[in-house]
Amino acid sequence: MTLPTSVALYNQGCRLNQAETATLEQQLITQGIQVVDMHAHPEVVIVNTCTVTENGDADTRRLVSKIVRDNPKCSIALIGCQAQILKDQLLKLPNVKWVVGNANKLTITDLIQQPVDQPQLVVPKIERQSFVVETAAIDLRHTRANLKVQDGCDFYCSFCVIPFARGPARSRVFEDAIRDAVHLVSAGHRELVLTGINVGTYADGSKRFPDLIDTLCRIDGLKRLRISSIEPTTVDWNIIELMAAENPLCQYLHLPIQSGTDDILERMSRKYSVAEYVSFVNRAVQLVPDIGLGTDVIVGFPGETDQLFNQTAELLDSLPFSYFHVFSYSERLYARSSKQTDKISPAEIHRRSKVLRDMSQRKKSAFMTRHIGREVLVLFESEKRGWWTGLTENYIRVSVRSTETLENQLLPVVLTQIEGDRMIGSVVKQ
């Protein structure tokens, strides 16, 4: 095999994967390797995989088949979560030359430049230790940049494979995270999204997650700091107080609930009760009335009777969510829930999922309706057919008609109407 001159990157899954893929792209550029898209017939394709659901596993197999069909001579590297869990199966897929787990995934740019005769398997045990990321995750494809500050999880929810795929909870060295953030802002990113597997457990020496947020908010030029999905029991109240104050921290929380009944939460090995979750949400909304509040819910967990599902639906309807993500339960390798016998049929899971997705759409519409006539700040990201689209700090997607370039600009917009999943507005002339 000759050393590659062109590489394509393909990202599956979460924001943490996106941050790592952005880092890999910067590494390749620094090493003088051309980063191209799939259609340019690259010599190597690196796929940062996801294994949260069985759909993610199937997506990888389909993707490999498509890559080989379109570009039969390319070599493929499969890295990340699926590589950690399903390494032997992935190594058998066509054209796969490297399978690299999460501990070594950021070394893949070096590995592909070394001659290889046989497929390589690099999946060592993931150790619990603080880490640094030497190359900044400047994102050439997105206006907002993801800042990796944490990895791994010790919670071991019964439905989840991630602690096995990502390893034990560990945090980025505090000074390294700040250095990277300064670099990202200097590169032009006005919003940073804090990412990790369990970000609220961040701990480096005496520094905790609120310390990290407070320091990041003081970076010159940073306009917005957003927290990605965070576990309910890890949100320090100081963070909510920061949201209520005048600073870059966005008034937004994605707070997974997973179920609205204590019976199922206990089966899931979640670390809170319904009453505790509801109390925290109500306090947060009281202090930050316009907070954008999202959640995750799993439908069809073993033992979820019709009555328990209805209780979950009623609770979700009563809480001030602006949207929620609905996940159909699927059994994962190593997850303890797979041993439970009282399974829910796929047809019933499909029916329940539709009920909640329809409800989520109603909640989103109601949240947007509250904002009609308001002036808000929008960070614009992309343009399509004359419409520029971006986000408010509380996660409302907004589109305006403009012939001027608005990319990466933070502008005041008056919101006038709702159109599907977004709001329409007009830029306030300054």
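General observations
- Residue within region 29-52 that is at pLDDT below 90 and under 25 Å from HIS325 (Cα atoms) present: yes
- Residue within region 12-30 that is surrounded by fewer than 16 Cβ atoms within 10 Å (Cβ to Cβ) and outside any helix (DSSP H, G or I) present: no
- Members of region 174-196 that are touching a residue at least 60 places away in the same chain (Cβ under 8 Å) and either over 19 Å from LEU249 (Cα atoms) or surrounded by fewer than 24 Cβ atoms within 10 Å (Cβ to Cβ) (or both): GLY188, ARG190, VAL193
- Any hit, region 77-90, residues being among the acidic types (Asp, Glu), within 28 Å of PHE131 (Cβ to Cβ) and surrounded by fewer than 21 Cβ atoms within 10 Å (Cβ to Cβ): yes
- When region 296-322 is filtered for residues that are hydroxyl-bearing (Ser, Thr, Tyr) and touching a residue at least 60 places away in the same chain (Cβ under 8 Å), only SER322 remains.
Conditions tested, residue by residue: (1) surrounded by fewer than 16 Cβ atoms within 10 Å (Cβ to Cβ); (2) touching a strand residue (DSSP E or B) at 6+ places or on another chain (Cβ under 7 Å); (3) at pLDDT 95 or above; (4) among the hydrophobic types (A, V, I, L, M, F, W, C).
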{"position": "ALA203", "(1), (2), (3), (4)": "no, yes, yes, yes"}
{"position": "ILE213", "(1), (2), (3), (4)": "no, yes, yes, yes"}
{"position": "ILE219", "(1), (2), (3), (4)": "no, no, yes, yes"}
{"position": "GLN258", "(1), (2), (3), (4)": "no, yes, yes, no"}
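- Residues being assigned to a loop (DSSP other than H, G, I, E, B) and more than 30 Å from SER186 (Cα to Cα) - total across region 122-156: 10
- Among the residues making up region 328-363, those that are outside any loop (DSSP other than H, G, I, E, B), under 26 Å from ASN55 (Cα atoms) and of a type in the set (D, E, K, R) are ARG336, LYS339, GLU348, ARG351, ARG352, LYS354, ARG357, ASP358.
- Matching residues, region 157-170, being hydrophobic (A, V, I, L, M, F, W, C) and either assigned to a loop (DSSP other than H, G, I, E, B) or without any contact (Cβ under 8 Å) to a residue 40 or more places away in the chain (or both): CYS157, PHE159, CYS160, VAL161, ALA169
- Subset of region 9-43 [among the aliphatic types (A, V, I, L, M) and either touching a Ser or Thr at 6+ places or on another chain (Cβ under 6 Å) or under 16 Å from ASN146 (Cβ atoms) (or both)]: LEU9, LEU16, ALA19, ALA22, LEU24, LEU28, VAL36
- Among the candidates VAL355, VAL376, the residue that is aliphatic (A, V, I, L, M), touching a residue at least 24 places away in the same chain (Cβ under 8 Å) and over 29 Å from ARG224 (Cα atoms) is uniquely VAL355.
- Any hit, region 335-342, residues being among the aliphatic types (A, V, I, L, M) and modelled with pLDDT under 95: yes
- Considering only residues in region 266-295 that are outside any loop (DSSP other than H, G, I, E, B) and small (Gly, Ala, Ser), the one that is farthest from SER353 (Cα to Cα) turns out to be ALA284.
- Within region 296-327, the set of residues being part of a helix (DSSP H, G or I), under 17 Å from GLN361 (Cβ atoms) and among the hydrophobic types (A, V, I, L, M, F, W, C) comprises ALA313, LEU316.
- Among the residues making up region 163-173, a single one is among the hydrophobic types (A, V, I, L, M, F, W, C) and surrounded by 22 or more Cβ atoms within 10 Å (Cβ to Cβ): ALA165.
The values are calculated or read from the model by the stated rules, or taken from the named source; none is laboratory data. The shown structure was predicted, so the numbers you read here are calculated from the model rather than taken from an experiment. Counting neighbours? That spans all protein chains shown, and the Cβs are built from the backbone with ideal geometry, glycine included.
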